[in-house]
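The structure appears below as structure tokens.
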Amino acid sequence: MKTALVTGGSRGIGRAICEELHKRGYHVLINYVSNDAAAAECLQAVGGEGELLKFDVGNADAVKSALEGWQKAHPEEYIEVLVNNAGIRKDNLLIWQEPEEWHQVIDTNLNSWYYVTRAVLQPMLLHKYGRIVNVASLSGIKGLPGQTNYSAAKGGLIAATKALAQEVARKKVTVNAVAPGFIKTDMVEGLDEAALKKDIPAARFGEPEEVAAMVGFLASPEASYVTGEIISINGGLYT
Ligand code: NAP
């Protein structure tokens, strides 16, 4: 069975992506960091046809040992789809932003991309097939006040997507990103939806499944000539 790894796959957008990839016939490796109950629910949602991989994507050693361990245990297989989805936000105006708030957001949203992608890229190149989809954000395109840390991380992810796409296109590995606007998950809890949706042409927040559908396409063999693209999924918010 073909294997896909979804970081931060246990809740929100990641969980919807796990379900979408499962429907498309993938054995899904569901990464998460702390919430065991949510991860177990997600595994159930994919009919038990997946595997939980608990590690902190922002910790280089943890990523290395988890992914090397998986590869050793499955020498005949390789991760042919990687969705870099794990992310956190710790919003604060720059003037008040503590170093931990900056570093945690950069580690989890951007440094993680380097650790995880580098660990799975070589087998993709050897097999001359791979799909990498990065979950960026409107914040990384437009920049949002109170999110200099998050905007910097997502902006970096977007630039890395475009650069890596050009490095590996000849090997039939595609690298794309989606840039969601406001999507109904735990991450947007506490935001004033009524006020914010006035600025959204679709007049609503999006659903995780609406992001997952695009990720499913970008991860599919049919998307073979799409690479280096950043697809906004934001209900028409002008970016
Ligand atoms: P969410 O509901 O808060 O879920 C976050 C997921 O990431 C959980 O599975 C969580 O695992 C995992 N995670 C967090 N830190 C991790 C770490 N250090 N290592 C491994 N896994 C970690 O978030 P979401 O709204 O679905 O967001 C998913 C992605 O979409 C993020 O990259 C986010 O920046 C991006 N995004 C979201 C929105 C939005 O409006 N929701 C908009 C634009 C972009 P645990 O359950 O173990 O904590």
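The values are calculated or read from the model by the stated rules, or taken from the named source; none is laboratory data. From a predicted model like this one, the values you see are computed outputs, not experimental measurements. With ideal geometry, Cβ positions are generated from the backbone for all residues, glycine too; neighbour counts draw on all protein chains shown. Protein only, heavy atoms only, side chains kept; ligands, DNA and RNA dropped before computing areas. Shrake-Rupley method; radii C 1.70, N 1.55, O 1.52, S 1.80 Å.
Observations, loosely collected:
- The overall shape of region 152-212 is prolate: from the C-alpha gyration tensor, with semi-axes ordered a ≥ b ≥ c, the ratio a/c is 1.5 or greater and a/b exceeds b/c.
- Acute angle (nearest 10 degrees) that the helix 208-218 long axis makes with the longest principal axis of the chain, alpha-carbon atoms: 50 degrees
- For the pair region 167-217 / region 124-165, the C-alpha centres are spaced 13 Å from each other.
- The chain: C-alpha gyration tensor shape, a/c 1.5 cut-off, then a/b vs b/c: rounded
- Other residues whose C-beta falls under 15 angstrom from the C-beta of Val168 contribute a net charge of +4, scoring Lys and Arg +1 and Asp and Glu -1.
- C-alpha long axis of helix 112-127 to longest principal axis of the chain, angle in °: 30 degrees
- Between the Cα long axis of helix 12-23 and the first principal axis of the chain there is an angle of about 30°, rounded to the nearest 10.
- Note on the chain: with a GNM built from Cα contacts shorter than 10 Å, the maximum mean-square fluctuation among Arg118, Arg11, Arg131 falls on Arg118.
- Residue of Ala212, Ala177, Ala195 that the Gaussian network model of the chain assigns the largest fluctuation, springs spanning Cα pairs under 10 Å: Ala195
- Normalised per residue, the accessible area of region 173-225 is 50 Å², obtained with a 1.4 Å probe and no contribution from ligands, DNA or RNA.
- For Lys2 and Leu144, the difference between the fully extended length at 0.36 nm per residue and the C-alpha to C-alpha distance is 47.3 nm.
- Cβ-derived FRET efficiency at R0 22 Å, Leu126 paired with Glu167, nearest 0.05: 0.90
- Near Gly146, the amide H atoms lying under 5 Å from its own belong to Leu94; only residues 5 or more places off or on other chains count, and H is placed 1.01 Å from N.
- Close amide-amide hydrogen proximity is noted between Gly228 and Val175, Asn176, each under 5 Å apart and 5 or more residues distant or on a separate chain (H modeled in the peptide plane; Pro and chain starts excluded).
- Global form of region 124-239, assessed from the alpha-carbon gyration tensor, a/c cut-off 1.5: prolate
- Measuring gaps between exposed loop sites in the chain (GluC sites (Glu not before Pro); DSSP loop; at most 14 other Cβ atoms within 10 Å), the longest gap, sites not included, is 78-188.
- Quotient of Cα Rg and 2.2 N^0.38 Å for region 3-74, N being how many residues it contains: 1.02
- Residue-normalised accessible area of region 36-112, given per residue in Å² at a 1.4 Å probe: 55 Å²
- Extending 7 Å from the Cα toward the beta-carbon at both Glu209 and Tyr225 defines two label points whose distance is 3.1 nm.
- Within the accessible area of the chain (1.4 Å probe), percent carbon and sulfur: 53 percent
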